[in-house]
1. Over all alpha-carbon pairs of chain A, lay out the pair-distance distribution in 20 Å bins, whole %, shortest bin first.
2. Would you tell me the mean number of C-beta atoms belonging to other protein chains that fall within 10 Å of each C-beta in A:131-142, as a whole number?
3. Report for chain A the percent antiparallel among DSSP-assigned beta bridges with both residues inside it, nearest 5.
4. Please pull out the direction-averaged projected area of segment B:18-171, using the convex hull of its alpha-carbon atoms, in nm² to one decimal place.
5. Please work out the C-alpha center-to-center distance from segment A:42-113 to segment A:356-397 and express it in whole Å.
6. May I ask for the angle, rounded to the nearest 10°, between helix A:176-186 and the longest principal axis of chain A, with both axes built from Cα atoms and the value confined to 0 to 90°?
7. Do the sum for chain A: with -39,500 (n - 2.57) for every DSSP H run of n ≥ 4, divided by all residues, what is the mean residue ellipticity at 222 nm, to the nearest 500 deg cm²/dmol?
8. Given a cut-off of 19 Å, what percent of all Cα-Cα pairs of segment A:1-52 lie beyond it?
């Protein structure tokens, strides 16, 4: 199998331009973020921050500075409200598992939307083993949660609501403030968690103003290093850790803090939030150029999710009819353009995107979808390059399809 | 969304990039379809058959699907070329196709199954359409590959039925 991969990689030799648009699944870490992390491996603060020696105290000081910065970017009240975790998946597990367990005796119901990230859906499913049930709120054709249905769903038995602030696949900016108000009116003891990984650094986000109890953010989703994320837990919300081990600077996550990655995540956040408006405007311009360019060149497309201000500025999700997504991702890869697809074939789950199905797309539209996310570090040249190769890639795949499936 | 870096081998990649015998055959003796776009793979198989010798003189395909689907369809068209219908029926199985293509990731075995399902369906159709007596080597019962193709199509029907009211509501 590894031999095959070597051959696959050889097929990519001679590519002149590479454009990485699969920022949903990982990202390129900018050099200045790498540079910021470097000293922390072996020059300073390389020790366990809970220990009593110089490199330990250096690590403690460094991490405290990072807690402070991340808490400010999130609009938290204080740095005690932030817990660094090894990523979005871990933060969502902590929020949902610990949130449910903290509500012991108050009820057994979890309310989420149909289009939550897979790790939220799967943790909610896991909670079934502990006697919790999950109700999923439907969304409309743009991916907006049905607030009426949310109101009906949150009852006396409900312990936790989890809804992403921005949908990771179709970019829908959810009315989280309204959802929190509705949920808390229905049942004041409900804990409200939001996975804000796709909102952080893209839309104005303030956990205090939103009124959420917990919020997840992810490092690689803002071009920080993989293996890092954070959970905001509002002061006064008493959840307990779900993993056991020696505790250092954070009581909700045991083990030795990973100082270089925390520094990298913080640096990536700093770069996203310094000149926030300009960064967002740039992403929006590049994204719109990409989408408009594709629609100008090809027919039989569907734009998935809302448009304009209702959509995250980085996200483009397009269903390409009469083309299958996995074939497209490979064809584009051979030209140096890296995207992901909602096709069953390109997903580990062998099911087409649950988000696209939930917004009313038929299976064929989901199989032919491609997801692209631009970043503040992309250039107009990058988008021009994508537009120069994507139409011919689509046309070649459509050529193989021919009249198959067309009736 | 998550993806597996499917480690396709060079033969699969070569046929994905340069499929053989691709395209609609205008003078096909028989045309068979297997799969459904709702399931993410569908193949159209075209055979040109010599009526007196029952030899497959040409095979062509079109396919909607992943790289493995395209490559297995392509290799089946090469494998059947010049075979009698009887030899094609007896010798082309999904295991042979998988072997011929140098192996597939296990989650992609169904691509070879569907390609062979389309071929077997085409052979069966030939005798039906020509209204000639069904030869002894052609069993009345469906083969594994044909059953799998049918199963996938049934699944597609269920999927579209279940989704239709929702999809219409959201248009």
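Computed from the coordinates by the stated procedures, all read-outs in this text should not be read as laboratory data. Model, not experiment: these values are computed from the prediction. For neighbour counting, all protein chains shown are included, and Cβ atoms are generated from backbone atoms with ideal geometry for every residue, glycine included.
1. Percent of Cα pairs in each bin: 26, 55, 18, 0.
2. 1
3. Details: 22 of 39 bridges.
Here the share of antiparallel DSSP bridges comes out near 55 percent.
4. So the Cα hull casts an average projection of 10.4 nm².
5. Between the Cα centres of segment A:42-113 and segment A:356-397 lies a distance of 35 Å.
6. Between the helix axis and the principal axis of chain A, the angle is about 50 degrees.
7. Computed ellipticity for chain A at 222 nm equals -11500 deg cm²/dmol.
8. 63
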